[in-house]
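See below for the structure under consideration.
The values are calculated or read from the model by the stated rules, or taken from the named source; none is laboratory data. Computed from a predicted model, the values in this text were never measured in an experiment. When we count neighbours, we look across all protein chains shown, and the Cβ atoms used for this are built from the backbone with ideal geometry, even at glycine. Side chains are part of the model used for accessible areas, which takes the heavy atoms of the whole protein and leaves out ligands, DNA and RNA. Shrake-Rupley method; radii C 1.70, N 1.55, O 1.52, S 1.80 Å.
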Amino acid sequence: MDFLQTEKKWQKKWDKSGLYKFDRSQADNKKYVLEMFSYPSGAKLHVGHWYNYGLSDTYARYMRMKGFEVFQPMGFDAFGLPAENYAIKTGIHPQDSTLANIVTMEKQLKAMGAMFDWDYEIKTCMPDYYKWTQWCFLKLYEKGLAYRKEAPVNWCEGCNTVLANEQVVDGCCERCETPVIKKNLTQWFFKITDYAERLLTGLDKLDWPEKTKTMQRNWIGKSVGGEITFELENGASFTVFTTRADTLYGCTYAVLAPEHPLTLKVTTEKQKKAVEDYLDYAARASEIDRLSTAREKTGVFTGAYAINPINGRRIPVYVADYVLFTYGTGAVMAVPAHDERDFEFAQKYDLPIERVIEAKGDENDDLPYVEYGVMTNSEEFDGLGVEEGKAAIIDKLKEMGKGDYKINYRLRDWLISRQRYWGAPIPIVYCDTCGEVPVPESDLPVTLPYDVDFTPDGTSPLLKSESFMHTVCPKCGGAARRDADTMDTFVCSSWYFLRYPDNKNSDVAFDTEWINKMLPVDKYIGGAEHACMHLLYARFFTMALHDMGYIDFEEPFTSLVHQGVILGPDGARMSKTKDNVISPDEYIQKYGSDVFRTYLGFGFSYIEGGPWNEDGLKAVHRFLERVERITGQLIAVKESREDGKREILYAENYAVKHVSADIENFQFNTAIARLMELVNALGKYIDANPDKDTSVSAAKTLILLIAPFAPYFAEELWEAAGEKYSVFDAAYPVCDESALVLDTIEMPLQINGRVRARFNVPSGATKEDIERIIMNSDDLRSYFDGKTVRKVIIVPGRIANIVVG
RNA sequence: GCCGGAGUGGCGGAAUUGGCAGACGCACGGGACUUAAAAUCCCGCGGUGGAUAACACCGUACCGGUUCAAGUCCGGUCUUCGGCACCA
């Protein structure tokens, strides 16, 4: 078969007949199959796109043949940093390069032979989309879920610009190698922490990979403990969060994070220089470095003392960067005897280390002792276990007005302000009289101006566009300024799945009634790298919109699958710098899309991915040609005297059963292996029975089974078999279980766990039956005759193990 | 560093979740067909010993454990990949 010609032929026909147009009247029977949309960074599709979209399409086609009305849209996550950086380098406007890339990618995606219904396409950089991204912002704002506060950014004094973490290499700017510092800016946040508990408990109901759920749980990082207030000698006070209130008597010093507003305030004149130097040092360290337990603990005494509320003890207050301002309260009570970090710090700075927990039994209780033991040196609390002790101490503090129970989450509010051009503008204006004013919904979108100087020079690019910045206050009509920042692109991708089914709606972001029919997404497919951020943000948006009454579901993605990564032939991640990038194009031109897709399915474990190796491509090509030959031979038989012998029916139904199950589990490699087995069985059958007619139905089954993998190819064979267009309107075969029932099955006989023999038993045989068969067989008994049989283990259909002594 | 994965023949990868390790395929070797080649078809193919057999032992990153039985479970180690909140 000429694969390339076949592709063109059916592409035209599919297009003309509108085969993949979603039928909205069938929404009750829908399956929403969604792949994470792509970022149009390069002009062309890479192997990863094919891997993600091609094989998800196999799943989608399978669902269609199973009788579902499949909704499989495609679009582009089109805002983002790379286009802007590319523009800075080349002078090509981000909008121009992005839209050009999209055109190329659309063309290639269409050639892939996927069922995307392009009527529902989305591009997040278009005003008819980001208008509604801005609407989402306003809704969150109305609900008090968007707020402004100061937060640090990476700042390069050389380039005079904000840097993304990605642009910081070893603490320096990737462009000019100037050391990167932290600079505080007032920025917008979404209050995702309000949803921490629901984001956590909601996971239980989801059909997601366990590892993804675990990662989200850890990311949310719930810990139950207490808050304790420490008074300072100078009258101020600070609060710490702790999960170990029981160790409060062992608190010998306290630590403030460098960013803590109190740090400089409490610092004594004498310590001022040292503390300021330290804050400067800390501003240069990345958070990952600071969290590293291997990093040497550093800190400086502020000169201030606080009072431990439980015993009135005077303790020194330090500043140290192992305490993070973004976690808890940004201050900790240090208990060196029972915390590894505090222990290390106390040793280094010669601070007292005092045991207040001792081990219960004879276990090792060297300091730092972080296990749950028994309280000691804690006055009336001595002898309490850790759990009782925590409660007793917090109860006491509560009485004193110095503490309370508290649940803390590692999850932080989501910073969405970006000091960049290529993103959705934030729909807020600032008026001298009215202050911060949201743009009224009727004035949306706040259009991103085209003519803007986005070369980095120390301010947000939009700040330099006077026509953009200058506006009137929606409240008082006076002069006002717009927010010059744009939104994090994760905002755009946090609700796109809601827009797809109603992408042309110009009145609302989506029609509530319609969207409630179409969502949640039934199967979401995308990379595991999104486990924590994108997938958490999208869940947050969905929950928030649910609470506002716009949708009646709380979770966006019922079922989730992560595809693996195709690596370069050297086993490393593909990258231009490593020169190991495999372009799919040359293979497509040589073998066609069907062969390429099928190979991607066959050569890798979908969930794992792996290094590229083109050898298998030839094999798949060979396999498809073999399918063509064999179906041709079978179908050439005009009349069938024999309606498929039993061995054929077995092979056929075995394949139907396993290929279906494997596709449903995204195990495409084994599905294709089962197809190969069917082809082998058919080939053998033809060879062994050259004079007999064979089953035409087996050939048709084979074509139907292979259709989701090689759609053009299957259409061609289906037509050749004299069937009516389209194979994708034909029903997927159903397994006839009765054809899989065998008279006898073979079982292995183990002696002491080693296979010594095989024997046949009737397929329904019970344990007792099987034991009788073994004991009655001289042949089998010879393996253990004369030895003492200590145990007989029989698992029908699986194994028989005789333990002898 | 922390969180989460992964490690199985020469190679890509299977293994119904504790039950015959290596399905299916690639590569390789042998054979059939052919004047020949290609294509196609058939056979073999983890390692060691043994005679090429029968058979035996070893073998799922490494060390130890649980079990009649471990790639699978438990404890520890190494390597590697993803994420770590401004890449998307």
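Just need a number here: residues in the range A:211-241 that are within 14 Å of the chain's Cα centre (by Cα) and either hydroxyl-bearing (Ser, Thr, Tyr) or farther than 15 Å from A:LEU536 by Cα (or both).
Of the residues in the range A:211-241, 2 are within 14 Å of the chain's Cα centre (by Cα) and either hydroxyl-bearing (Ser, Thr, Tyr) or farther than 15 Å from A:LEU536 by Cα (or both).
Taking the range A:173-206 only, how many residues are open to solvent by less than 40 Å² (accessible area, probe 1.4 Å), within 11 Å of RNA strand B (Cβ to nearest atom) and in a strand (DSSP E or B)?
5
So that you can scan it fast, the table gives a plain yes or no per residue for (1) closer than 21 Å to A:CYS136 by Cβ; (2) aliphatic (A, V, I, L, M); (3) touching a Cys at 6+ places or on another chain (Cβ under 8 Å):
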residue: A:TYR450; (1), (2), (3): no, no, no
residue: A:THR455; (1), (2), (3): no, no, no
residue: A:VAL472; (1), (2), (3): no, yes, no
residue: A:LYS475; (1), (2), (3): no, no, yes
residue: A:PHE490; (1), (2), (3): yes, no, no
residue: A:TRP495; (1), (2), (3): yes, no, yes
residue: A:ASP507; (1), (2), (3): yes, no, no
residue: A:ASP511; (1), (2), (3): yes, no, no
residue: A:TRP514; (1), (2), (3): yes, no, no
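Under 6 Å between Cβ atoms, at least 6 apart or on separate chains: pull out the pairs that start in the range A:308-323 with a residue that is within 21 Å of A:GLU259 (Cβ to Cβ) and without any contact (Cβ under 8 Å) to a residue 60 or more places away in the chain and end on any residue that is part of a loop (DSSP other than H, G, I, E, B) and open to solvent by 30 Å² or more (accessible area, probe 1.4 Å).
No pair meets every condition.
Residue-by-condition table, conditions (1) open to solvent by less than 30 Å² (accessible area, probe 1.4 Å); (2) over 26 Å from A:CYS172 (Cα atoms):
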site	(1), (2)
A:THR267	yes, yes
A:ALA274	no, no
A:ALA285	yes, no
A:GLY299	yes, no
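Looking at (1) open to solvent by less than 70 Å² (accessible area, probe 1.4 Å); (2) at pLDDT 90 or above; (3) within 30 Å of A:SER494 (Cβ to Cβ), which one does A:THR326 not meet, given that it meets all the others?
It fails just one condition, (2).
Would you mind stating whether A:LEU397 is open to solvent by less than 50 Å² (accessible area, probe 1.4 Å) and part of a loop (DSSP other than H, G, I, E, B)?
Values: open to solvent by less than 50 Å² (accessible area, probe 1.4 Å): yes; part of a loop (DSSP other than H, G, I, E, B): no.
Against the criterion (open to solvent by less than 50 Å² (accessible area, probe 1.4 Å) and part of a loop (DSSP other than H, G, I, E, B)), A:LEU397 does not qualify.
Quick one: in the range A:734-754, of everything that is in a loop (DSSP other than H, G, I, E, B) and over 43 Å from the mean Cα position of the chain (by Cα), which residue is farthest from RNA strand B (Cβ to nearest atom)? Outline the logic, then answer.
The initial filter retains those residues of the range A:734-754 that are in a loop (DSSP other than H, G, I, E, B), namely A:734-736, A:741-743, A:752-753.
Those left that are additionally over 43 Å from the mean Cα position of the chain (by Cα): A:742-743, A:752.
On the way: A:LEU742: 12, A:ASP743: 16, A:ASN752: 6 Å.
Within the range A:734-754, the match that is farthest from RNA strand B (Cβ to nearest atom) is A:ASP743.
Could you tell me which numbered condition A:GLY312 fails, if it satisfies all but one of (1) at negative phi; (2) modelled with pLDDT of 90 or more?
(1)
The rows are residues; the columns are (1) touching a Ser or Thr at 6+ places or on another chain (Cβ under 7 Å); (2) open to solvent by 40 Å² or more (accessible area, probe 1.4 Å); (3) polar (S, T, N, Q); (4) closer than 29 Å to A:ALA274 by Cβ.
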residue	(1), (2), (3), (4)
A:ALA304	yes, no, no, yes
A:GLY312	no, yes, no, yes
A:VAL335	yes, no, no, yes
A:ASP342	no, no, no, yes
A:ASP350	no, yes, no, yes
A:GLU354	yes, yes, no, yes
A:GLU371	no, yes, no, no
A:ASN377	no, yes, yes, no
A:LYS390	no, no, no, no
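For the range A:651-668, give me each residue that is part of a loop (DSSP other than H, G, I, E, B) and touching a residue at least 60 places away in the same chain (Cβ under 8 Å). Please lay out each step first, then the result.
First, the residues of the range A:651-668 that are part of a loop (DSSP other than H, G, I, E, B): A:665-667.
A:PHE666, A:GLN667, listed by residue number.
For the range A:207-226, what are the residues that are open to solvent by less than 10 Å² (accessible area, probe 1.4 Å) and either closer than 22 Å to A:LEU415 by Cβ or touching a Cys at 6+ places or on another chain (Cβ under 8 Å) (or both)?
Passing the criteria: A:GLN216, A:ILE220.
Return the only residue of A:GLY616, A:GLY610 being closer than 22 Å to A:PHE666 by Cβ, near RNA strand B (Cβ under 8 Å from one of its atoms), surrounded by 15 or more Cβ atoms within 10 Å (Cβ to Cβ) and at pLDDT below 95. Can you show your working first?
Working: A:GLY610 fails: surrounded by 15 or more Cβ atoms within 10 Å (Cβ to Cβ).
Exactly one residue qualifies, and that residue is A:GLY616.
Residue by residue through the range A:500-529, note down the ones that are away from RNA strand B (no atom under 11 Å from the Cβ) and touching a strand residue (DSSP E or B) at 6+ places or on another chain (Cβ under 9 Å).
Start the filter on the range A:500-529 by keeping residues that are away from RNA strand B (no atom under 11 Å from the Cβ), which leaves A:500-525.
Listed by number, the residues that qualify are A:TYR500, A:PRO501, A:ASN503, A:LYS517, A:MET518, A:LEU519, A:PRO520, A:VAL521, A:ASP522, A:LYS523, A:TYR524, A:ILE525.
Identify all residues within the range A:477-499 that are hydroxyl-bearing (Ser, Thr, Tyr) and away from RNA strand B (no atom under 16 Å from the Cβ); write none if there are none.
none
Can you find, within the range A:724-733, the residue that is farthest from the chain's Cα centre (by Cα) among those that are under 26 Å from A:LEU4 (Cα atoms) and surrounded by fewer than 17 Cβ atoms within 10 Å (Cβ to Cβ)?
Here the answer is A:LYS724.
Quick one: which residue in A:LYS265, A:LYS297 is within 16 Å of RNA strand B (Cβ to nearest atom) and touching a residue at least 12 places away in the same chain (Cβ under 8 Å)?
Working: A:LYS265 fails: within 16 Å of RNA strand B (Cβ to nearest atom).
The unique qualifying residue is A:LYS297.
Of the numbered conditions (1) more than 16 Å from RNA strand B (Cβ to nearest atom); (2) without any contact (Cβ under 8 Å) to a residue 24 or more places away in the chain, A:ASP2 satisfies every one except a single condition; which is it?
Looking at each condition in turn, A:ASP2 falls short on (1).
Can you name the condition, by its number, that A:ASP443 falls short on among (1) within 27 Å of A:MET126 (Cα to Cα); (2) touching a strand residue (DSSP E or B) at 6+ places or on another chain (Cβ under 8 Å); (3) open to solvent by 50 Å² or more (accessible area, probe 1.4 Å)?
Going through (1) within 27 Å of A:MET126 (Cα to Cα); (2) touching a strand residue (DSSP E or B) at 6+ places or on another chain (Cβ under 8 Å); (3) open to solvent by 50 Å² or more (accessible area, probe 1.4 Å) one by one, A:ASP443 breaks only (2).
Just to be sure I understand, how many residues within the range A:94-121 are without any contact (Cβ under 8 Å) to a residue 40 or more places away in the chain, of a type in the set (Asp, Glu) and open to solvent by 40 Å² or more (accessible area, probe 1.4 Å)? Talk me through it step by step, then tell me what you get.
Step one: of the range A:94-121, the residues without any contact (Cβ under 8 Å) to a residue 40 or more places away in the chain are A:96-97, A:99, A:103, A:106-107.
Now drop any that are not of a type in the set (Asp, Glu), which leaves A:96, A:106.
Add one more test, that the residue is open to solvent by 40 Å² or more (accessible area, probe 1.4 Å), and what stays is A:96.
The total comes to 1.
Those residues that are touching a strand residue (DSSP E or B) at 6+ places or on another chain (Cβ under 7 Å) and over 30 Å from A:THR455 (Cβ atoms), I need them from the range A:90-116; list them, please.
Listed by number, the list holds a single entry, A:MET115.
Condition first: within 10 Å of RNA strand B (Cβ to nearest atom) and not in a helix (DSSP H, G or I). Now tell me which residues in the range A:585-607 satisfy that.
A:GLY603, A:PHE604, A:SER605, A:TYR606, A:ILE607
If I filter the range A:209-258 down to residues being assigned to a loop (DSSP other than H, G, I, E, B) and within 14 Å of RNA strand B (Cβ to nearest atom), which single residue comes out as nearest to A:ILE394 (Cα to Cα)?
Selected residue: A:GLY221.
Please find, within the range A:156-172, the residue that is nearest to the chain's Cα centre (by Cα) out of those that are part of a strand (DSSP E or B) and near RNA strand B (Cβ under 7 Å from one of its atoms). Give the derivation first.
Here is the first cut: in the range A:156-172, the ones part of a strand (DSSP E or B) are A:156, A:161-163, A:168-169, A:172.
Retained after the next criterion (residues that are near RNA strand B (Cβ under 7 Å from one of its atoms)): A:162-163.
On the way: A:VAL162: 27, A:LEU163: 25 Å.
Among those residues, the one meeting the criterion is A:LEU163.
Scan the range A:765-805 for residues that are more than 12 Å from RNA strand B (Cβ to nearest atom), under 54 Å from the mean Cα position of the chain (by Cα) and exposed (fewer than 11 other Cβ atoms within 10 Å of the Cβ) and jot them down.
The answer is A:GLU768, and nothing else.
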